[in-house]
Amino acid sequence: MALVLVRGRLPQTYREWVLRDVTSRTWLVRHLLRTFLRLLIPLAILFIVLSQFGGPLNIILMALALGLIVGLYYSLSYASEANDARLRKYGYPPAYGSTIRDNRFSEEDRPE
């Protein structure tokens with residue numbers, strides 16, 4: 001289990017789950033949640049370090065909030081590419097997740 005956390009990926013046995021995770025309707029929400037959780041530790045460390053300097057708490061919190069917003073925005077900008085890269089780690093072809101999502105959305109837009 002510790003090896004999985006260090007390498008940052010699930011074992012190959014979860015290949016189909018990763019595909020479902022990346023192509024489901026809520027893929028973007030889960031991507032942003034993963035990014036948010038990854039940013040919490042560095043932001044907490046920065047809060048501890050900056051608060052030791054004795055600066056105003058409101059400025060520290062605003063700076064950390066701005067860092068969180070920028071981090072989430074940057075992650076959102078490359079969400080599709082990042083998730084396609086996740087799928088490539090499990091042996092799927094390039095842009096496989098984007099293709100599946102695009103096909104599903106185009107089918108939903110078609111009139112019946």
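The values are calculated or read from the model by the stated rules, or taken from the named source; none is laboratory data. The structure displayed is predicted, hence computed values, not measured ones. Glycine also receives a Cβ, built like all others from the backbone with ideal geometry; neighbour counts cover every protein chain displayed. Calculation scope for accessible area: heavy atoms of the full protein, side chains included, ligands and nucleic acids excluded. Shrake-Rupley method; radii C 1.70, N 1.55, O 1.52, S 1.80 Å.
Find the accessible area per residue for segment 1-89; the probe is 1.4 Å, ligands and nucleic acids are left out, and the unit is Å².
Values: 6510 Å² over 89 residues.
For segment 1-89, the per-residue accessible area is 73 Å².
Is the C-alpha gyration tensor of the chain telling us rounded, prolate or oblate? Criteria: a/c under 1.5 is rounded; beyond that, a/b larger than b/c is prolate, otherwise oblate.
Values: a/c = 3.69, a/b = 1.77, b/c = 2.08.
Verdict is oblate for the chain.
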Margin query: How large a share of the accessible area of the chain, in percent, is made up of carbon and sulfur atoms when the probe is 1.4 Å and the other protein chains stay in place?
Written below: 68
Next item on the list: Would you mind working out the magnitude of the charge dipole of the chain relative to its Cα centre, with +1 at each Lys and Arg C-beta and -1 at each Asp and Glu C-beta, to the nearest 20 Debye?
Entry: 460
Notebook entry, point to check: Tilt of helix 96-109 relative to the longest C-alpha principal axis of the chain, in degrees (0 to 90, nearest 10)?
Noted result: 70
Note to self: Nearest 10 degrees is fine. How inclined is helix 27-52 to the longest principal axis of the chain, computing both from alpha carbons?
What the structure shows: 10
